[in-house]
Amino acid sequence: MNTKIKEIVDNIAKVFIGSDDTVESCIAGLIARGHILIEDVPGIGKTVLAKSLAKSIDASFSRIQFTPDMLPSDITGSSVFNQKTGDFDFFEGPVFTNILLADEINRTTPRTQSALLECMEERQVSIEGETRPLEGLFFVIATQNPVELQGVYPLPEAQLDRFLMQIQIGYPKTDDEVKIIDTHSGHNPADDLNPVLTMEQLFEMQMEAEKIHIDEDLKKYAVRIADATRSDASIILGASPRASLALIRAARAFAYIRGAEYVTPQNIKDTAFRVLPHRLVLTPQARLSGTTPQNVLERIVENVEVPE
């Protein structure tokens, strides 16, 4: 593993007791300049993970608890008339930060979800005809509860496609849960975390990851996997060209995390299961039979020829 990456993982492990794979996925999303969607039940450490990641990188952190009555201005900011000066003063919303935790994003209306979508995709905020750029580092970790059905607004496919990866944390093992109780009894251990990476070092790592070599045959291999999802009988909406690009970016990021100088076919395979499933829409017949996007993708990856 890359030395600096290991420092971040070890620093987060002081607070977030759980899967290193989850932590690596979040770091990969950060390095690949993408965003992460965590779909899991409440109380498993999503906020702790996001906050400890921000503190490890000496970055600003904000959290938005989404609710059905939330307006776009509640997250982007708004202009307020100043009676003394006779002008409108703009007050920044919580999106003007480095790392944003968008908690229970599917609890707010599509209108408010779309406001966050522009921030994620364009890295800017458009308010009252004026465009305001966001920070050089803007990374969103969004969460949604897969069990809750009442009072939710499922993210449409166009918005899901904006997330680089969708991951699950899962319940901790017994020993890990006991360690969580010991670690978090009393004060919040995240308050004691010190940064191990500067913003300048992170930007440098992002540029280095973009230079990781990937063979032309592997680019075609990634595209063939994405293309196979578009013609599969169990899928009515396959992976878009944006998904192919995300697959390459994420594969480079994971290769960089592991200290490799180039991407391998196995990198593409492993990364496909993190990047593609949430972008696939199955037919009603496939869903009724209990088939999942993960199942379909396993079959597709197995059948697509691997370059030598």
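Throughout, read-outs are computed from the coordinates displayed, never taken from laboratory work. Please read these numbers as outputs of a predicted model, since none were measured by experiment. Note that we place each Cβ from the backbone using ideal geometry, even for glycine, and neighbour counts take in every protein chain shown.
Here the chain is scanned for trypsin sites (Lys or Arg not before Pro) in DSSP loops (not H, G, I, E, B) that have at most 15 other Cβ atoms within 10 Å, and the longest stretch holding none of them is 15-83. Per the Debye formula on identical point scatterers at the alpha carbon atoms of region 212-303, with no solvent, log10 I(q)/I(0) at q = 0.11, 0.25 Å⁻¹ is -0.30, -1.22. FRET efficiency for the Asp217 to Ser114 pair, using the beta carbon distance and R₀ = 41 Å, is estimated at 0.60. Separation of region 204-239 and region 269-297, taken as the distance between their Cα centroids, equals 16 angstrom. Counting Lys and Arg as +1 and Asp and Glu as -1, what is the net charge of the other residues whose Cβ lies under 12 Å from the Cβ of Gln201? Around Gln201, the charge tally is -4. Taking the Cβ of Asn295 as the center, what net charge do the other residues with Cβ under 14 Å away carry, scoring Lys and Arg +1 and Asp and Glu -1? Residues close to Asn295 contribute a combined charge of -1. The amide H of Lys14, built 1.01 Å from its N in the peptide plane, has no neighbour under 5 Å, considering only residues 5 or more places off or on other chains.
Close amide H pairs (under 5 Å, H built 1.01 Å from N) link Thr97 with Glu135, residues at least 5 positions away or on another chain.
Quote the charge dipole size of region 212-303 about the Cα centre in Debye, to the nearest 20; the model charges only the Cβ of Lys and Arg (+1) and of Asp and Glu (-1).
Details: 13 positive and 9 negative charges, 62 e Å.
Dipole of region 212-303, to the nearest 20 debye: 300 debye.
For region 239-247, putting each phi into the Karplus relation 6.51 cos²θ - 1.76 cosθ + 1.60 with θ = phi - 60° gives couplings of 6, 8, x, 4, 5, 4, 5, 4, 4 Hz, in residue order, rounded to whole numbers and with x for Gly and Pro. Projected onto their three principal axes, the Cα atoms of the chain cover extents of 70, 41, 40 Å, largest first.
By the count of neighbouring beta-carbon atoms within 10 Å, fewest first, Glu118, Glu130, Glu92 end up ordered Glu130, Glu92, Glu118.
For the chain, the number of Lys pairs separated by eight or more positions or lying on different chains, with C-alpha atoms closer than 14 Å, is 6.
Once the Cβ-Cβ distance of Asp182 and Tyr153 is raised to the sixth power relative to R0 = 35 Å, the FRET efficiency obtained is 0.35. For region 235-308, the relative contact order comes to 37 percent (Cα pairs under 8 Å, sequence separation of at least 6). With helices as the sole contributors, the chain gives -13500 deg cm²/dmol at 222 nm; each DSSP H run of n ≥ 4 counts as -39500 (n - 2.57), and the sum is divided by every residue. Bridge orientation summary for the chain: considering DSSP beta bridges with both residues in this region, about 40 percent are antiparallel. Over all Cα atoms in region 1-160, the spread is summed up by Rg and Dmax: 16.8, 57 Å.
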